[in-house]
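The values are calculated or read from the model by the stated rules, or taken from the named source; none is laboratory data. No experiment lies behind these values; they were computed from the predicted model shown. Positions of Cβ are backbone-derived with ideal geometry, glycine not excepted, and every protein chain shown enters the neighbour counts.
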Amino acid sequence: MIDPLRKEAVQSAKLIVVKIGSRVLTTAQGLLDIERVEHIGQQCHELLNSGRQIVVVSSGAVGAGMGRLGMHDKPCTLPELQAVAAVGQSCLTEAYERALGSYGRHVAQLLLVADDLHDRGRYLNIRNTLRSLLKYGAIPIVNENDSVSTAELQTTFGDNDHLAALVATLLGADALILLSDVECLFDQDPENPEARRVSTVRCIDAATESMVHDRSAGVSKGGMASKLKAAKTVNEAGIHCFIGSGRRESILQEFVSGHDTGTFFPGRNDLMPAKKRWLGWSASVSGKLTVDSGARQAVIEQGSSLLPAGVLAVAGNFVAGDVVTIETTDGNCFARGFVNYNSRDLEQIKGLQTERVLEILGVCACDEVIHRDDLAVICREESAL
């Protein structure tokens with residue numbers, strides 16, 4: 001029997017972000033699988049014919065580059081990987097263009113680094129570009145700009161599951177579909193014959209995360225752990241998520257028809273406001289506030305502002321208006337927000353009742369350290385990942 005919540009979610013989904021993993025798009029030798037790209041192009045065409053809009057976040061540039069350069073082994077050094085990805089990205093886009101061009105459709109390539117989404121102005125420009133492409137009927141093919149992204153410069157997203165989640169929150173999509181070579185989330189190691197598919201996960205907590213059994217990544221950066229993190233992100237933003245096997249011939253049609261396939265993660269309530277989605281997952285962070293359990297409860301359960309009395313520690317050098325994270329004493333980050341005090345002043349008033357702020361600082365700019373309108377809750381459950 002189809003879960004009514006799943007059926008409602010897929011029937012109402014008009015804007016869908018589809019992430020396609022490296023293992024879906026590459027052969028056993030790690031090269032781009034053109035036939036698979038064609039199958040995906042056909043499914044995207046059918047979804048567009050149903051009146052939906054699609055954004056594709058696609059891996060596979062390294063595999064495509066290896067094929068174009070006649071390589072049989074994946075490079076090991078960062079410069080070589082970036083060079084192969086640079087060659088492969090055009091091949092990957094060409095493959096999608098050929099697959100969809102036969103249906104009279106066109107694709108557009110967008111290559112992003114994390115800084116593009118940290119900056120509010122660039123973030124909005126990307127959102128407007130994507131919206132315009134969708135209006136024109138083009139299919140955006142989004143990928144990380146592997147040729148310039150490095151962890152050392154903090155310009156990398158880490159993996160395309162995370163990038164896809166950020167694209168979904170940026171657009172306020174109705175659903176995120178994560179396709180890999182894994183059929184779903186299993187209740188135990190998939191290699192175990194007694195492992196069972198988990199059809200629906202209404203809350204991604206430590207118990208859910210304990211089901212993760214990732215294997216060696218090979219050509220892929222992500223795994224089930226990264227997919228659960230992506231699902232957790234979009235669910236909190238109010239977006240539904242599906243995980244399924246991209247090797248099933250009609251997997252996208254199965255999802256949008258409400259078939260009980262893969263694993264479904266329903267979004268929480270209504271879509272989070274656009275500014276809070278940027279604040280919660282894309283904005284650049286300048287500092288950290290550690291708060292007590294009472295403050296955490298008030299913020300998460302009551303939707304309250306953060307007051308000076310709940311702040312235990314201040315880290316970083318920030319000014320009023322900067323974005324800071326809000327964490328518990330065990331390091332669990334559960335919210336982010338625009339802070340009303342600089343780090344020096346906040347160090348002096350942490351733990352104090354609001355009425356004492358004027359006495360200590362000589363001025364009380366705001367009663368709240370972070371007002372609830374400028375605060376985004378990003379995690380309600382303790383995480384094991």
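One table, with the values for the structure above:
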{"item": "Candidates K276, K288, filtered to the one that is among the basic types (K, R), in contact with a strand residue (DSSP E or B) (Cβ under 9 Å, 6 or more places away or on another chain) and touching a residue at least 60 places away in the same chain (Cβ under 8 Å)", "result": "K276"}
{"item": "Test: V319 is modelled with pLDDT of 95 or more, among the β-branched types (V, I, T) and buried (at least 16 other Cβ atoms within 10 Å of the Cβ)", "result": "no"}
{"item": "Residue within segment 202-215 that is surrounded by fewer than 22 Cβ atoms within 10 Å (Cβ to Cβ), at pLDDT 80 or above, under 21 Å from A13 (Cα atoms) and of a type in the set (D, E, K, R) present", "result": "yes"}
{"item": "Some residue of segment 104-114 being on the phi < 0 side of the Ramachandran plot, within 18 Å of the chain's Cα centre (by Cα) and part of a helix (DSSP H, G or I)", "result": "yes"}
{"item": "Of all residues making up segment 223-280, the number that are assigned to a helix (DSSP H, G or I), surrounded by 18 or more Cβ atoms within 10 Å (Cβ to Cβ) and not β-branched (V, I, T)", "result": "19"}
{"item": "Near pairs, Cβ below 6 angstrom, 6+ apart or cross-chain, from segment 21-50 (free of Cβ contacts under 8 Å to residues at least 60 places away in the same chain) to any residue that is β-branched (V, I, T) and in a loop (DSSP other than H, G, I, E, B)", "result": "D33/T27"}
{"item": "Check on G303, at positive phi and either without any contact (Cβ under 8 Å) to a residue 12 or more places away in the chain or buried (at least 21 other Cβ atoms within 10 Å of the Cβ) (or both)", "result": "no"}
{"item": "Test: residue in segment 342-363 that is modelled with pLDDT of 85 or more and of a type in the set (G, A, S)", "result": "yes"}
{"item": "Segment 117-135, residues that are surrounded by fewer than 14 Cβ atoms within 10 Å (Cβ to Cβ) and not in a helix (DSSP H, G or I)", "result": "none"}
{"item": "Count of segment 246-288 residues which are farther than 25 Å from C184 by Cβ and β-branched (V, I, T)", "result": "1"}
